[in-house]
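Read the structure below first, then the notes.
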């Protein structure tokens with residue numbers, strides 16, 4: 001696999017997890033599900049379910065971190081470092097999925113780049 005595609009998969013994993021933790025996550029979900037629907041339609045439901053599960057885990061963890069910080073001297077939302085292990089695991093998992101997807105379907109690279117640009 002070309003280094004450029006590996007880099008693209010890595011950036012896509014990070015961008016997707018960032019989108020999952022945001023209020024505009026539906027757009028990211030739809031773009032990713034659309035990629036799988038085009039080339040592996042039998043896996044679409046699994047991908048959609050995994051995206052929803054990862055979003056819920058990220059939001060739950062962020063909410064717990066915020067709640068545990070209330071009443072302490074710290075103020076403001078949980079930092080990226082607070083949810084870093086969970087976020088890192090999600091990034092790694094999606095990066096691996098994108099690597100496998102691009103290894104089998106390098107023609108999806110432009111669409112994946114577009115998804116990153118829109119995130």
Those residues of segment 7-24 which are loosely packed, with under 15 Cβ neighbours inside 10 Å and either at pLDDT 95 or above or in a helix (DSSP H, G or I) (or both), in sequence order:
7
Looking at 95, 113, 38, 27 in this structure, which one is at pLDDT below 95 and under 30 Å from residue 2 (Cβ atoms)?
27
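The values are calculated or read from the model by the stated rules, or taken from the named source; none is laboratory data. Worth saying up front: this structure is predicted, and the values here are computed from it rather than measured. When we count neighbours, we look across all protein chains shown, and the Cβ atoms used for this are built from the backbone with ideal geometry, even at glycine.
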